[in-house]
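Comments concern the structure below.
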Amino acid sequence: MADKTAKLTFGDTELELPMYSPTVGPDVIDISKLYAQGKVFTFDPGFTSTAACDSTITYIDGGKGELLHRGYPIDQLAEKSHYLEVCYLLLYGDLPSAAELEEFESLVTNHTMIHEQMMFLFRGFRRDAHPMAIMNGVVGAMSAFYHDSTDIHDAHQREVASIRMIAKMPTIAAMAYKFTIGQPFVYPRNDLDYASNFLRMCFSVPCEDYQVNPILSRAMDRIFTLHADHEQNASTSTVRLASSSGANPFACIAAGIACLWGPAHGGANQACLEMLQEIGTVDRIPEYIARAKDKNDPFRLMGFGHRVYKNFDPRATVMKKSADEVLDLLGVENNPTLQVAKELEKQALADPYFAEKKLFPNVDFYSGIILNAMGFPTSMFTPIFALSRTVGWISQWKEMIADPKMKIGRPRQLYLGEPMRDYVDIEKR
Ligand code: CMC
């Protein structure tokens, strides 16, 4: 596979390291034998220059603002495809035929219910628990309910675990929501499509059924699609690392959920809307922009900036269009939060600080606005991201397990602590 080499010289050592060329993107220097051959480690906190695996699933060109799933651009998928078709594409590598899609959709649809015993788990949480905390616990607990799909060395069991998670995640997220607002759980309905079923499970009550508006269900489906995968981001790398020890699939996806929750990652959609609400009125925007630029203030403009996208986030472009459609439908153009969002975006984009640092609105800037308009509380934003990203985590997990080169993930460190010293008895300290 190596078609070039790179020379590395330090002290008296000169090493020739293999280099690989990807289908698209920058070349990669293979340092896996560096310690064995040169007795040195590399140092890359935050993995800004380190490829931890090879993958055929998703490609991002942050400079061009390009996101491809199995080669297909995200804007085309968001426009022409739908979430379950994108799930198939991510999982199996190609777009399905009509018959394959029908079979896949029927398989997912027929696994939407959760084990009835799991209801008691929900009831063990406090009513004021964050739905992400509940999801984290319930998804981890799936390992205790679905014993016949935890053997990662059995390809059939891996497949069953994958379908179960994709099918049950909306049910779990909706139940977490219903529990926190004190309403009865709503069971899934298999005559509805994936997004409509989720909306109904969130908003229907026994005394009044919820009629799903097709424009809202399309917008919901697009939010799922835009979040489906994003190559080796923090939560996906967490899933890969957890799985590399051979841990069971449900526990690994729960680890991904835990990582996604942080405000620098999936928690940014909640943090962004809360920030817009805190700003409150357009006249306070300059104060918040000044705080974001102040090095002595930890405040950052949530929903701005991205580790990889340094031009624009292609998901944000689609999301912005979708936000306009939804807000138009719901007639909430005069909503104060939306006005703050629009003005904040305008002022930040015109500010040289954000231009120089290449900070643009990311997907989370607009998704929160749509979800808020649909009636979701901010606490549900990250659970919705988690349910959408489940297929990405699973696709990457399946790819890793099936790879004969798989090794347990075990980073090294630059140790700056004390060298060896003798224990001092307590009376002598
Ligand atoms: N507001 C103000 N300044 C910022 C921001 C921001 N949102 N983001 C980055 N900067 C500054 C940062 O202070 C730094 O300045 P300097 O070079 O002077 O020290 C420079 O821009 C580079 O930032 P960084 O932290 O080194 O960049 P990173 O690649 O490590 O961080 C990020 C990426 C997404 C964590 C960061 O931009 C951020 O915290 N954004 C706000 C949170 C957010 O919206 N996250 C959602 C990301 S998209 C969804 C997802 O992937 O989960």
### Summary
TM-like helix rule applied to the chain (DSSP H, alpha carbon span at least 24 Å on the long axis, mean Kyte-Doolittle at least -0.5) gives 155-180, 314-330, 381-401
### Task
Among Val24, Val363, Val186, determine the one that fluctuates most according to a GNM of the chain built with springs between C-alpha atoms less than 10 Å apart.
Val24
#### Entry: Rounded to whole Hz, the Karplus (6.51, -1.76, 1.60) HN-Hα couplings of region 187-193, x for glycine and proline
6, x, 10, 7, 8, 9, 6
### Query
Under a point spin-label approximation (7 Å from Cα along Cα-to-Cβ), what is the Phe47-Ile181 distance to one decimal in nm?
3.6
### Message
Is there a quick way to get the dipole size of the chain? I mean about its Cα centre, with the Cβ of Lys and Arg at +1 and of Asp and Glu at -1; what is the value in debye to the nearest 20?
### Response
940
### Query
Karplus couplings for region 32-48 from phi (6.51 cos²θ - 1.76 cosθ + 1.60, θ = phi - 60°), rounded to Hz, Gly and Pro as x?
4, 9, 4, 5, 4, 8, x, 6, 10, 10, 9, 10, 8, x, x, 6, 6
### Task
Compute the longest continuous run of the chain that contains no exposed GluC sites (Glu not before Pro); treat a site as exposed when its DSSP state is not H, G, I, E or B and it has at most 13 other Cβ atoms within 10 Å.
117-332
### Message
As an exercise, use a Förster radius of 45 Å and the Cβ-Cβ distance of Met113 and Glu427 to find the FRET efficiency, rounded to the nearest 0.05.
### Response
0.10
### Query
Which residue fluctuates the most in the chain, going by a Gaussian network model with Cα springs under 10 Å, if the choices are His265, His115, His227?
His115
#### Entry: Under 18 Å from the Cα of Lys405 - aspartates and glutamates, other chains or at least 8 residues apart
Asp30, Asp54, Asp154
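Assuming R0 = 51 Å, what is the FRET efficiency of Leu329 and Leu416, from their Cβ-Cβ distance, to the nearest 0.05? Let's see the in-between values first.
Details: r = 56 Å, r/R0 = 1.10.
Here the calculated transfer efficiency is 0.35.
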### Query
Considering the dipole of the chain built from charges on the beta carbon (Lys and Arg +1, Asp and Glu -1) around the Cα centre, which of Thr112, Thr50, Thr23 is farthest to its positive end?
Thr50
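For the chain, what is the relative contact order in percent, using Cα pairs closer than 8 Å and at least 6 residues apart in sequence? Numbers along the way, then the final one.
Values: 584 pairs, mean separation 83.5, N = 429.
Answer for the chain is 19 percent.
Can you pull out the chymotrypsin sites (Phe, Trp or Tyr not before Pro) in region 347-429 whose DSSP state is coil and whose Cβ has at most 16 other Cβ atoms within 10 Å?
On the way: sites: Tyr353, Phe354, Phe365, Tyr366, Phe381, Phe385, Trp393, Trp397, Tyr415, Tyr423; in loops: Tyr415, Tyr423.
Here the chymotrypsin sites (Phe, Trp or Tyr not before Pro) that fit, given the DSSP loop and packing criteria, are Tyr415, Tyr423.
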#### Entry: Residue-count net charge about Gln232 - beta-carbon cut-off 11 Å; Lys, Arg +1, Asp, Glu -1
-1
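Output the pairs from Lys293/Lys321; Lys64/Lys320; Lys321/Lys342; Lys310/Lys342 with a Cα-Cα distance over 24 Å in this structure; if there are none, say none. Each step should come with its number before you reach the end.
On the way: Lys293/Lys321 28 Å; Lys64/Lys320 18 Å; Lys321/Lys342 13 Å; Lys310/Lys342 21 Å.
Over 24 Å apart, Cα to Cα: Lys293/Lys321.
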### Query
Between Gln277 and Leu101, what is the spin-label point distance in nm, taking each point 7 Å from the Cα along the Cα→C-beta axis?
3.8
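Multiply the residue gap between Lys346 and Gln211 by 0.36 nm, knock off their C-alpha separation, and tell me the result in nm, one decimal place. If you can, show how the numbers build up before the last one.
Working: separation 135, 0.36 × 135 = 48.60 nm, distance 3.61 nm.
Stretched out fully, the Lys346 to Gln211 stretch lengthens by 45.0 nm.
Every read-out reported here was derived from the displayed coordinates using simple, explicitly stated rules and does not represent laboratory data. If you're wondering where the values come from, they're calculated on a predicted model, not measured in any experiment. Every residue, glycine as well, gets a Cβ built from its backbone with ideal geometry; the counts of neighbours run over all protein chains shown.
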